[in-house]
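Before any comments, here is the structure.
The values are calculated or read from the model by the stated rules, or taken from the named source; none is laboratory data. Remember, predicted model here, so these are calculated numbers, not experimental data. Heads up, the Cβs are rebuilt from the backbone with ideal geometry, glycines too, and the neighbour counts pull from every protein chain shown. Each accessible area value is taken on the protein alone, full model and side chains, heavy atoms only, with ligands, DNA and RNA left out. Shrake-Rupley method; radii C 1.70, N 1.55, O 1.52, S 1.80 Å.
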Amino acid sequence: MMASPNADPDLNSGRSIRSILIVGGGTAGWMTAAALAKALPHGCTITLVESEEIGTVGVGEATIPPIRLFNQTLEIAEADFLKATQGTFKLGIEFVDWAKLGHRYFHPFGPHGRNFDLVALHHYWLRARAEGETAALDDHAMAWALAKAGKFAPPSSDPRNVLSTHEYAYHFDAGLYARFLRQYAEARGVIRVEGKVGDVRMDGESGFVAGVTLTDGRTLDAELFIDCSGFRGLLIEGALHAGYEEWTHWLPCDRAMAMPCANVSPLTPYTRSTARSAGWQWRIPLQHRMGNGYVYSSAFISDDDAAATLAANLDGQALGDPRPLRFVTGRRNSFWTKNVVAIGLSSGFMEPLESTSIHLIQAGISKLLALFPDRDFDPLGIEEYNRIAVNEFERIRDFLILHYKLTMRDDAELWRYCAGMDIPDTLHVKIEHFRKYGRLIARDADLFGPPSWLAVHIGQFNTPERTDPVAEYRGVDGREWLGKLRAAMAAEAARAPTHEQFIAQHCKAPG
Ligand SMILES: Cc1cc2nc3c(=O)[nH]c(=O)nc-3n(C[C@H](O)[C@H](O)[C@H](O)COP(=O)(O)OP(=O)(O)OC[C@H]3O[C@@H](n4cnc5c(N)ncnc54)[C@H](O)[C@@H]3O)c2cc1C
């Protein structure tokens, strides 16, 4: 292509960002440092300041499949990463007692089987059910075929093999991940400063952040600031007053108790989420321990009762006392303001029901690199970043609310409140399309695609009144296809190694 005659051959002459300060060294800070160090190897100084005295939030163990892409972009070998973080494999989430007491369903990573007609598979499953077929929708997902057998195998690269239809993510110790990424980032030139930020200095003329002053008097200046300071949002809120939109009326949980316990065998290759009277409990198996926590609404249970409920519902011997955490569900009004970009908990928080926080860190880093500023900080890029981020947060919010809204439980106040609460219009329309015709309406850039929505709709009894009218014309015997699919999945699961065997062969953590 010919260059425009007016083009400046040195296109960014003199306007490139030369210094970045990352405030905070939790998962968000070190993921950002590692990704920026990899993406900007020359001409930019990257500094990270963190305070051991303040520490990190210290939880966050379950992820979703795009995390694999993050590690691949950093050229981190999967086995090295899993060994360093006590990681295990995650094929999805088992939801227990969410729809009603005694009921369970699975949100698999990857679709339910593979469509065998232009009408989607689940319509044939619904029709088969109406004709007396008893197999659950879950039984058509490769991820569940493996998970329920305690097995793990990576997806096959042969698209004809049913073992190519699942995806996977990881469980890992986020603190160890941050440590692992710190080594990675420091090896690529990131400068780490230990110290506590006491003051944020502003440029009086532009209103931009000029630098921070540590409590011992040292100063750190930069052109671009990444606020990874956690819930406190030291720069984005403390200095720039971005504001916060709260969503507690839709997602009432505002606290958590975390309490690891000793592992039990078999090592399940999935997260379990069990609904309790005032929230839900996570169970996340790592190589060296089991992560557990009770996420609850302080309006419906006291901290002491939440801690007692958690302690009474551990599978193994408790490893320490329950650790309380508080949060306000919602998002910053503006994620990027002037020369500050908030990434991680500083940008907002939604409860870990679908393990989305670490993903939102990754999404923030991708957007930042795609819209990377120069020293002019053109509002065009900033507005686009904020527009996409709002959309990402709100679509995840809707998917989380779906789990609460579709409950049929009436045994506790929280669940009665959720079943009756008003919901965002953007969610209402999706529930209605599915309820009436089994249609999965995808709007905007939904992180969770149709297979995820399908799993929760069906798992929580938003059963369609009718199926796709087109199925009437097709003359396809769906029952035969579905039966073959189940048999093929069962055969692949039988051949696969157990989760423990796979880890022992590929990525066992030392010690
Ligand atoms: C109950 C709960 C469960 C969760 N479970 C999951 C999960 O399963 N999956 C998932 O993806 N996510 C989960 N998360 C979210 C996850 O923990 C966070 O997204 C992730 O750890 C990122 O945190 P962060 O780095 O933004 O903040 P933090 O970990 O809080 O780190 C903040 C950093 O800023 C530093 N800092 C703060 N103030 C100063 C100062 N004045 N001077 C210097 N340094 C400062 C701190 O020292 C620290 O290094 C969970 C969160 C909670 C609350």
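Which value, in Å to one decimal place, does the Kirkwood hydrodynamic radius take for segment 78-202 when every pair of different Cα atoms is included? Computed over Cα pairs of segment 78-202, the Kirkwood hydrodynamic radius comes out at 18.3 Å. Shown for segment 255-325: the carbon plus sulfur share of the solvent-accessible area, taken with all protein chains present and a 1.4 angstrom probe, equals 49%. How far is helix 379-405 tilted off the main Cα axis of the chain, in degrees rounded to 10, range 0 to 90? Relative to the chain, helix 379-405 is tipped by roughly 30 degrees.
Applying the criteria of a DSSP loop state and at most 14 other Cβ atoms within 10 Å to the trypsin sites (Lys or Arg not before Pro) of segment 90-128 yields no site. Our analysis of segment 21-144 gives Rg over Rh at 1.14, with the two radii drawn from alpha carbon positions and Rh computed by the Kirkwood formula. Taken along its principal axes, the alpha carbon cloud of segment 255-325 reaches lengths of 36, 22, 18 Å, longest axis first. Its alpha carbons considered, the chain gives a radius of gyration followed by a Dmax of 24.0, 77 Å. With a Förster radius of 30 Å applied to the C-beta separation of Lys484 and Ser157, the computed FRET efficiency comes to 0.90. Given +1 at the Cβ of Lys and Arg, -1 at the Cβ of Asp and Glu and no other charges, the dipole of segment 255-325 around its Cα centre is 240 debye to the nearest 20.
Here is how the number arises for the chain: DSSP H runs of 4 or more residues each give -39500 (n - 2.57), the sum is divided by the residue count, and the result at 222 nm is -10000 deg cm²/dmol.
A simple rule links phi to the HN-Hα coupling: the Karplus curve 6.51 cos²θ - 1.76 cosθ + 1.60 with θ = phi - 60°, which for segment 53-66 gives 4, 6, x, 10, 5, x, 10, x, 10, 10, 10, 10, x, x Hz, with x for Gly and Pro. Remind me, relative contact order of segment 255-325 in percent, using alpha carbon pairs under 8 angstrom and six or more residues apart? For segment 255-325, the relative contact order is 45 percent. Rounded to whole numbers, the Karplus 3J(HN,Hα) couplings from phi for segment 431-437 are 5, 5, 4, 6, 4, 7, 10 Hz, using 6.51 cos²θ - 1.76 cosθ + 1.60 with θ = phi - 60°, and x at Gly and Pro. Here's the list of aspartates and glutamates a cross-link from Lys436 could span, going by alpha-carbon distance under 12 Å and ignoring same-chain residues fewer than 8 apart: Glu465, Asp468.
Taking all Cα pairs closer than 8 Å and separated by 6 or more residues, the relative contact order of the chain comes to 22 percent.
Ranking Ser156, Ala185, Leu485 by how far each Cα lies toward the positive end of the dipole of the chain (charges on Cβ) leaves Leu485 at the top. Relative to the current alpha-carbon distance between Glu75 and Leu118, full extension at 0.36 nm per residue lengthens the span by 11.7 nm. Using R0 = 41 Å, the C-beta based FRET efficiency linking Ala445 and Thr134 works out to 0.65.
Under 5 Å from the amide H of Tyr244 lie the amide H atoms of Asn333, each residue being 5 or more positions distant or on a separate chain, with H modelled from the backbone and absent for Pro and chain starts. Restricting to the chain, compute how many DSSP beta bridges are antiparallel as a %, nearest 5. Around 70 percent antiparallel, to the nearest 5. Distances between placed amide hydrogens fall under 5 Å for Arg201 paired with Ala210, Gly211, Val212, Thr213, all partners being 5 or more residues away or on another chain.
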